[in-house]
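Everything on this sheet refers to the single structure shown next.
The values are calculated or read from the model by the stated rules, or taken from the named source; none is laboratory data. As the structure is a prediction and not an experimental result, all values here were calculated from the model. Heads up, the Cβs are rebuilt from the backbone with ideal geometry, glycines too, and the neighbour counts pull from every protein chain shown.
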Amino acid sequence: MKHKISLWVGMSVLILVALACNLPVGGGQPTAQPTPNATLTALFALLTPVATTPPPVIASPTAAPPTAVPPTPTTAVASPTATLPQPTLTATPLLRTGGSFKAVYFSTPPKLDGVWDEWPGSAYSCENVVFGAKERKNREDLGCSFRVGWDSTYLYVAYKIYDDTYVQEASGADLYKGDSVEILLDADLYGDWNSQVLSGDDYQLGISLGRPDPEGTKDVYLWFPRAKAGSRDDVKVAVAAQEGLYRVEVAVPWGLFGVKPATNQQFGFAVSASDNDKPGEKVQQSMVSSAPFRRLTDPTTWGILTLTR
C-alpha cells in the first residue's frame, strides 16, 4: 500500500513540473500543447493494465482420462428390426438318437414269402444290444437287419435274423420270451416330441416267427397302448428259414395304428429282435435293436421313420 502512495505522489510531482514548464511566461496567451514526450508515455503505460494470457488450465490428477472415440465400423450392421431369414426345413427337421429311416413306397404290394427280391434300397442295421449283453455271444447267436416299405394299406417290415438256435415255446403276451421280432411306432411324433412316457399313440407290436419252429403257428400280440392290447389276426407274417438264418416279412394294417399314411409323413420308430437259446424254457435272454439306447417306456429313445415316394 505504501508503495502505491509513493508512486502516485511521484507522478503528481512530475505532472506539475511538466505543466510548469509548458505554461507561457508572464501570463501571455497559451501556446499549442506539444505531444507528450516519451517519458510521460512510458509513465502512463506503467499505470495502464496490461492484458496477460491466462495460465493454462492443468487437469486435476484425479480427473478421468478422455474417452477414446471408437472408429466408425467399416461393415454394415443389421438393423435390430431386420427380419432374420427362416431356416429351410428338411425331410427330417429334427433328429433322435434312435436313428433315421426311410420307408419305400410300393406301387404294387410285395409278395410275402420271405424273399426280398422286390424290396428296393439298402437294409438297415438292427444290432445294438439293449438287453442281455452277457447272454449274446456274437452276431451268429443273435443278429438282425431290416427294411421298411409302405402303401396306402400296410406298413411293411422285412427282417433278416441270424440265430444259431431257434427256440419259441411262448405265445400271446409272453411271445417275447422266445425268438421273436418287435415294432415300435409313435403315431403322433411331433404332437408329443418331448414326452418320455408312453401315451395312447405309442404302439408296441410283437411277432413270433413260429411255434414251436418257423414252420409252426405265427403269433402277433399288441402290448401298447394297453387299451388296445391283445392278440392280432389282421397282421400278415411270412417266414423263410434256413440253418441259422430267418427271413421274415410283416404287413401291418395302418388301421392298427389309427393312421392314414401320406408321403413325407413321419413317425417315431424302432425295430428289435429277441432271442432264447434254452429249449424247454420261456425266457428272453437278449435283445438287439435299431435304437442304440432303446427304452420301451421312453419314445424319445426311438428313431424316426419317413414315408418316401
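Restricting the search to the range 231-257, which residues are small (Gly, Ala, Ser) and surrounded by fewer than 13 Cβ atoms within 10 Å (Cβ to Cβ)?
255
Residues in the range 104-120 that are of a type in the set (Gly, Ala, Ser) and surrounded by 17 or more Cβ atoms within 10 Å (Cβ to Cβ): 114 only.
Restricting to the range 105-155, name every residue that is assigned to a loop (DSSP other than H, G, I, E, B), under 17 Å from residue 273 (Cβ atoms) and touching a residue at least 24 places away in the same chain (Cβ under 8 Å).
114, 116, 123, 126, 127, 132, 133, 135, 136, 140, 141, 142
Answer yes or no as to whether residue 290 is hydroxyl-bearing (Ser, Thr, Tyr) and under 29 Å from residue 111 (Cβ atoms). Taking the combined requirement at face value, the residue satisfies it.
Inside the range 278-297, can you point out the residues that are over 11 Å from residue 98 (Cα atoms) and out of contact with any Asp or Glu (no Cβ under 7 Å at 6 or more places or on another chain)? Within the range 278-297, 278, 279, 280, 281, 283, 284, 287, 296, 297 meet the criteria.
Among the conditions (1) farther than 12 Å from residue 180 by Cβ; (2) surrounded by 14 or more Cβ atoms within 10 Å (Cβ to Cβ), the only one that residue 260 does not satisfy is (2). May I ask you to say which residue of 227, 123, 173 is under 25 Å from residue 267 (Cα atoms), modelled with pLDDT under 95 and either surrounded by fewer than 17 Cβ atoms within 10 Å (Cβ to Cβ) or among the polar types (S, T, N, Q) (or both)? Step by step, each of 227, 123, 173 is checked, and only 123 is under 25 Å from residue 267 (Cα atoms), modelled with pLDDT under 95 and either surrounded by fewer than 17 Cβ atoms within 10 Å (Cβ to Cβ) or among the polar types (S, T, N, Q) (or both). Counted as qualifying within the range 189-254 are the strands (runs of 3 or more DSSP E) with 2 or more residues that are of a type outside the set (Gly, Ala, Ser) and over 13 Å from residue 173 (Cβ atoms), namely 202-208, 236-242, 245-253.
Applying the condition of being among the polar types (S, T, N, Q) and surrounded by fewer than 23 Cβ atoms within 10 Å (Cβ to Cβ) to the range 203-221 and asking which residue is nearest to residue 289 (Cα to Cα) yields 204.
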